[in-house]
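Report on the structure given below.
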Amino acid sequence: MAVDVQPITDDAGLRVARRIDLGSFGLPFDDGAFERDLPWLRSTRSWLATEDGEPVGTGRAHALGLTVPGGAVVPVSGIGDVGVVPGRRRRGVLGTLMGRLLSEGAAAGHVAAALYASEATIYGRFGFGPATRSRKVGIETARAALRPDARPAPGEVEVVEPDRRREVMQPVFERATARRSGEVTRSDALWERLLGPAPDGAADTRLCLAHRGADRRWDAYALYTIAADWQVDGPHHVLAVLELVAAHPAAELAMWEALLGIDLVRTVEGWMAPDGVLLDALADRWALRTVGEHDTLWVRLLDVPAALASRRYRVPGRLVLRVDPPLREGDAPPVGGVVELDVAADGTVRAVPGGAPADLRLGAAELASVWLGGGSLSSLAAVGRVEELTPGALPLADAMFGWSPLPRVTLEF
């Protein structure tokens, strides 16, 4: 039976879509959570897939800005809430939905689509590649003194009450977004969803600290919770960092120093960028344990030349890429073909479709994985996912595409 995909135009359709999305993961529908999220859901474009008039799948896309190496912000489709009801999987529903979502994004002028994958084996066939990673850490506060030569930003740390959080956090977030590729912009609806009240009226257990620099501007904040754990030998409280955002590395270090100095806390846990500044600033670097590392943002390029031209590159050079299309393109815009890159000394690039002999052959997902400056084409070549056609092209590509700081995304949209 053919799958029909149509845009959702009313709240009743959004309710059906939320039930499908949650049900596809075995999660219950909560009316309070739906009502809280409704303003945000209305700000997105959602789709419903049906077979013979019966709802069988859903997906949505949120227009976002994504920071690329060099600081430019490009338009992307933030895809989420993709789900197919049990019993209707592996029958083309997901492929039809994804094709519609990607084609709509391309028609809107978005250079890429981005999502958070629930499983690592789903989206590569559609041309998505893992483009950012985050590291989960645990830090023993008793051992977490900074080195004497560490240089956290001077200034003051203040408690931020709930009614002032957005006015403090948003300017810091917007400054921080410009310095790290992979970060996405936040709409008013996303800010309200992040900082709004819990749907069931429960008390907000989140706390917020912010750092004000010597120039009196806010330059870092941390949103966190503390779980009390009283033991016979004293407090073993655990502080969980929900979000730590800083406008520059010294402010980031100042924020970590403040969190690690909170009384009664035995352990601080949270996610950070793989190249976060804290590890190298600790006198005892073994006080910080990496307890996990995970892909976060997966990217699918919609306009390869435009995406490649939007970013800066670390070294000059010329490369010709042969990009193989994804296994499942469907109705999505094609991304295969030959692209010529000519990077100038200032890191800007001329990226155009071409016909010259290729230096590298790679898939759309592999190109997406390195687009934001993380990953390595040489590493992908080592396992057979990239082919070097011209000797020396791989180290040149790694040098051109690599970027510092590494890409990272803070918020799940």
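Read the figures in this text as sums done on the coordinates, not as results from a lab. Computed from a predicted model, the values in this text were never measured in an experiment. Glycine also receives a Cβ, built like all others from the backbone with ideal geometry; neighbour counts cover every protein chain displayed.
Below are the figures for this structure:
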| quantity | calculated |
| --- | --- |
| Segment 304-401: antiparallel DSSP beta bridges as a percent of all, rounded to 5 | 80 percent |
| Rounded to 5, the percent of DSSP beta bridges in the chain classed as antiparallel | 85 percent |
| Label-point separation in nm, GLN6 to ARG151, each point 7 Å along Cα→Cβ | 6.2 nm |
| Cα gyration tensor shape of segment 256-413, rounded if a/c is under 1.5, else prolate or oblate by comparing a/b with b/c | prolate |
| Shape of segment 134-293, Cα gyration tensor, a/c cut at 1.5 | oblate |
| Cα-based shape type of segment 1-54, given that a ≥ b ≥ c are square roots of the gyration tensor eigenvalues and the cut on a/c is 1.5 | oblate |
| Loop trypsin sites (Lys or Arg not before Pro), segment 72-178, which have at most 15 other Cβ atoms in a 10 Å radius of their Cβ (DSSP) | ARG89, ARG90, ARG91 |
| Restricting segment 347-413 to GluC sites (Glu not before Pro) in coil, as DSSP defines it, with at most 12 other Cβ within 10 Å | GLU412 |
| For ASP284, ASP233, order by how many other beta-carbon atoms lie within 10 Å, fewest first | ASP233, ASP284 |
| Fluctuation leader among GLU340, GLU51, GLU104 - the chain, Gaussian network, Cα springs under 10 angstrom | GLU51 |
| Expected 222 nm ellipticity per residue - DSSP helices of 4 or more, -39500 (n - 2.57), all of the chain, to 500 | -7500 deg cm²/dmol |
| Charge dipole of segment 1-153 about the Cα centre (unit charges at C-beta), most positive-ward option of ALA12, VAL84, ALA153 | ALA153 |
| Calculated P(r) of the chain - Cα pairs past 32 Å, % | 42 percent |
| Alpha carbon centroid spacing (whole Å) that separates segment 349-413 from segment 275-321 | 12 Å |
| Euclidean distance between Cα centres, segment 86-133 to segment 16-67, Å | 15 Å |
| Listed residues VAL323, VAL352, VAL73, most fluctuating in the chain (Gaussian network, C-alpha, under 10 Å) | VAL352 |
| Relative contact order for the chain, counting Cα pairs under 8 Å that sit 6 or more residues apart, in percent | 20 percent |
| Antiparallel DSSP beta bridges within segment 4-132, as percent of all bridges there, nearest 5 | 90 percent |
| Per principal axis, descending, Cα span of segment 341-411 in whole Å | 40, 32, 20 |
| Charge dipole magnitude, Cβ of K and R +1, D and E -1 - the chain, Cα centre, debye nearest 20 | 740 debye |
| GNM result for the chain, Cα springs below 10 Å: residue of ASP215, ASP295, ASP398 fluctuating most strongly | ASP215 |
